[in-house]
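The values are calculated or read from the model by the stated rules, or taken from the named source; none is laboratory data. It should be emphasised that the depicted structure is a prediction, and the values quoted were computed from it without experimental measurement. Virtual Cβ from ideal backbone geometry, glycine too; neighbours counted across all protein chains shown. Accessible surface areas use protein heavy atoms only, side chains included; no ligands, DNA or RNA. Shrake-Rupley method; radii C 1.70, N 1.55, O 1.52, S 1.80 Å.
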Amino acid sequence: MLRDQQSIVQCCGYISEWKFNIKNPGTITFQVWRETGPGRYTLRGEYATHYNTGEEDSEVVVRTTFDKHLAVDVGDHIGWYNEKEAMVAFEIDSTGQGILINSVNTPVDVKNEMDWSQVLATESRTYAIQAIVSKGVAPKFKNLDADVEIFEHLTVGSDIYRLQLVDFVDDRVPITFRITMNDNMNHFEFNRSTLTAYLAKTPPVGKYNLVFTVSDHCGYSDTALLNVVVKKPKPAIINLPASVSVREDIGSVEVPLLNISVADSVPVICDVKSVEPTEESAFFSVKSNRFQASLYLKATHSLDYEKVQQYVLTIHCFNGHDSDSGLVNILVEPNQVPTIQNLPATVSVSSIRVNFGDSVYRITVEDAERNTVSLNSTCEPLPCPFTVTNAGFVIVVGNLFSAMSDMYIIHIVASDTYNTAPPKQLVVSVSDRNTPPYIYNIPDNLKIDLAENLPVGTLVLHVLASDVNPLDNLLFALQIQPSEFFPFFTINETSGEIYIRSFINYESLQESDVTLYPSVSDGHNTFSTDFKVSINDINEPPRFEHTSYWIKTNESNEGRVISKGIIKASDEDKDDQVTYSLECDLDEVNSIFQMNVETADITQTYNIDVDHLLTTERNITCRVIASDKLKATATAPLRIVVADINDNGPLFVKSSHVFVVTQDTPILSSVGYAIAVDHDISIENKRLSYYFSENIDSFLIDNAGVVRTLINLSIVPVGSTFRNTLNVRDKANNLSDSSPFTIVVMPGNYTILESYIPSEELTFFNMPENIAWFVTALHLAAAALGLLTYLCFRYCTLQLRDQFELNGHKHRRNDLNTPMARTDRSVWSTSCQSSRAAGQRKTVANDSPCRLSTHIYTTSGNLTPWKPWAISDFKKTFHRHQVINRKPEIKEHVDVDKLHVRRASMAF
């Protein structure tokens, strides 16, 4: 500390400049001391700077920025602090005054007191150092007086305004400045460190006047007013005004600066209304999201601290009706690149004296902003046995005895949060290291060609190595790049032979070239080299997806594709094309099945009849052949199964069916059966059903073709005929056949008749019903002829007799009018009815068979079966009636109303 009057401050102000002559390099700290008592001084401020070797015996001028100025008052002493040798040049001068030099173990902190009373002054000296004291500038507010509006719902603790002083940026205000705020209502408070007025408690709606005063240690001051208006929200920007800082070297990226909160009941849209200075307005943007917006620094910015230190943005938020605005101060922060002070440098180490984890060098770094500095390093050659910590220590992390090189160059880069210094080099020489082995039979750019699919165990290369120490045990290892080739190669660790350990398929590789890195180690050092292997493609035959195939088709698939997408073969060769062909054991089959040469789809060109083979399916053996462009082939067996399908309809064995039943046939008894044949082989394809074309309730037929009676035939007259059409149908394919069907009722014994009557072709005379009426008609015709002859004979005879008896027997004419006569009268009734059986063949279609039924009806209406012996009685009665009772009115005695012709219950 200097004591002479020229070194004692004579006025109040600031030290803006230091001048001195450097005697030795190092760091010097300029200081200002103020006497606080006898022999006691307080350190009021200090400023440090550094000088390197080579700057000795030179005059240095140190100019500080305003915020770095040291405040001084009248009577303050100047001094300095440095380590080791004195840094300020001096000379012995009898006219001078000795200075006080106090040696301490720990430097004194600013505002701390030190006792100098026991320090002896040196001999008279004159030091080459000078402090220039400037009067300074009176403090003055830059952005006051001002008005600011806030809203009553603003959160306590929110900043409402940030003060600015002329000639000062942000919070770089000298500590000698004193700023106060007067708020009688105690709603607001002031933060000295951030120069921000903030809300202490929620004020009611109204106006508030905040008086701010700034003063320095020299007594200069300024007073200004901040008018705060508290309003009800319209929308209200809650967190403005606000201040944010951004580094000038932030880079060409979009940077979020501030989230702007807006209170409103509806979404709002915010934007940047204005920017000061206006020429930089394109640097900022706002993105709105309902009740919040974000302020961004655009990626296209070009911040420059020397050009603009602060931007003032007006943020405007609008809800469609009302709006609110607020200010944002953007402070640009400069940055200085950290410096490495003791590089470049060279250091030598011995491998037998340095252990793992030892430090071989200490790197010193200085950062003007005292930011945290990180050190990053790269080293060559690799592998490198050294690393650099963030504290600057160069640490051994490998075995130096087995180091691959005797010299390593470490490139160190110092970085703080914002800047990165250019790299500097540290050269480390290693002595007393082991000599590594050497691989001598792999020249540079060696390339070996290998075909794909070589046998496992094929030798690729025999690696040979040598070592100057014959006692070393050499071991080989192998690294492979890319890693997909790792399963394909291996090395014998003792012999150095590299061979193939699994098949290599060219088509499965992403690339065909691989680099092998064989290495040899003696236990201390490892030597490695590399060579390339190229895998060559060879043509491979196609490969079927399956070892065999089978396809099922049926008899009637003519023209259809029976195999689509089933048979597939692939060829692993790139850009190869597979074609297909089909060969079958039977020549005739080759024309039936056609294969698409490109898709292997198989088409059945003809129908194949399986039924004649008396089997449900036919097996055909074939081979599918797949060929590539170079005619390499692969074969797969194919079995084609041709299945029987329901492709035949049923056919009746006979073209017509005739059955005879007797009147005593029991109900549900079998009267015969029909036979139909279906040539399909499979049982499921020949399930038949029988039915009649017309619904009848007299007979039924089951699915076995058996015809059964459903009625009591004893009441059906002999000779009655039942006609219908008999049908048979395949249940699956609905193919059918039909045949005329006839049942004739005959007298007889069912027990004797109970047998099957084979069906036969239907003709007129082999139909029983035709024979019945035809024979009856012959009998009637003969009887009629005989009766006619008899009547003619009798008529002639009676004419004579009547004439003879007319005169003598008149009293007998009325004999027939007696009751007895009427009772004995008989009537002979004949009936003939014909019907045509539906569905008969042509041979009987035009016939009208008629059955003559002869019955005797009495006058009482009772049916008396016809008896041959009744003919003579009838003739007598008829004759008597014709001869004796000639009067027309006698016919009235015949009971015509009771005459009745009995018909058969079924049409025939």
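Data table
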quantity: Residue match in segment 361-373 (condition: closer than 17 Å to PRO422 by Cβ, of a type in the set (Gly, Ala, Ser) and surrounded by 13 or more Cβ atoms within 10 Å (Cβ to Cβ)); calculated: no
quantity: ALA784 being open to solvent by 60 Å² or more (accessible area, probe 1.4 Å) and modelled with pLDDT of 75 or more; calculated: no
quantity: Selected residue (criterion: nearest to LYS686 (Cα to Cα)) from residues of segment 597-615 that are assigned to a loop (DSSP other than H, G, I, E, B) and open to solvent by 70 Å² or more (accessible area, probe 1.4 Å); calculated: LEU614
quantity: SER265, sole failed condition from (1) farther than 22 Å from ILE150 by Cβ; (2) assigned to a loop (DSSP other than H, G, I, E, B); (3) among the polar types (S, T, N, Q); calculated: (1)
quantity: The listed residue being farther than 22 Å from ASP571 by Cα and either part of a loop (DSSP other than H, G, I, E, B) or of a type outside the set (D, E, K, R) (or both), out of ASN453, ASN441; calculated: ASN441
quantity: Elements of type strands (runs of 3 or more DSSP E) in segment 300-404, at least 2 residues being among the acidic types (Asp, Glu) and closer than 30 Å to ASN239 by Cβ; calculated: 323-333
quantity: Segment 442-500 - residue that is β-branched (Val, Ile, Thr) and either in contact with a Gly (Cβ under 8 Å, 6 or more places away or on another chain) or closer than 16 Å to PHE527 by Cα (or both) and, of those, most open to solvent (accessible area, probe 1.4 Å); calculated: VAL468
quantity: Single condition ILE620 does not satisfy, out of (1) of a type in the set (A, V, I, L, M); (2) more than 30 Å from PRO541 (Cα to Cα); (3) free of Cβ contacts under 8 Å to residues at least 60 places away in the same chain; (4) surrounded by 15 or more Cβ atoms within 10 Å (Cβ to Cβ); calculated: (2)
quantity: Selection count, segment 549-574, where residues are modelled with pLDDT of 90 or more and in contact with a Phe, Trp or Tyr (Cβ under 6 Å, 6 or more places away or on another chain); calculated: 2
quantity: Pick from segment 394-419, criterion of a type in the set (Val, Ile, Thr) and touching a strand residue (DSSP E or B) at 6+ places or on another chain (Cβ under 6 Å), ranking: surrounded by the fewest Cβ atoms within 10 Å (Cβ to Cβ); calculated: VAL397
quantity: Among (1) loosely packed, with under 13 Cβ neighbours inside 10 Å; (2) touching a residue at least 24 places away in the same chain (Cβ under 8 Å), the one test that ASP358 misses; calculated: (1)
quantity: Complete set of residues in segment 199-222 that are open to solvent by 60 Å² or more (accessible area, probe 1.4 Å), part of a strand (DSSP E or B) and in contact (Cβ under 8 Å) with a residue 24 or more places away in the chain; calculated: SER221
quantity: Looking only at segment 502-548, and only at residues there that are buried (at least 19 other Cβ atoms within 10 Å of the Cβ), among the β-branched types (Val, Ile, Thr) and not in a strand (DSSP E or B), the one that is farthest from the chain's Cα centre (by Cα); calculated: THR529
quantity: Whichever residue in segment 483-501 is in a strand (DSSP E or B) and not charged (D, E, K, R) and, among such residues, is farthest from ILE439 (Cα to Cα); calculated: ILE500
quantity: Residues that are modelled with pLDDT under 85 and at positive phi, drawn from segment 186-208; calculated: ASN186
quantity: Only one of SER519, SER495, SER483, SER548 that is out of contact with any Asp or Glu (no Cβ under 9 Å at 6 or more places or on another chain), free of Cβ contacts under 8 Å to residues at least 12 places away in the same chain and hydroxyl-bearing (Ser, Thr, Tyr); calculated: SER483
quantity: Selected residue (criterion: farthest from the chain's Cα centre (by Cα)) from residues of segment 549-560 that are closer than 14 Å to ILE640 by Cβ and open to solvent by less than 80 Å² (accessible area, probe 1.4 Å); calculated: GLU555
quantity: Conditions (1) open to solvent by less than 20 Å² (accessible area, probe 1.4 Å); (2) over 26 Å from THR194 (Cα atoms); (3) out of contact with any Pro (no Cβ under 8 Å at 6 or more places or on another chain); number of the one not met by PHE284; calculated: (2)
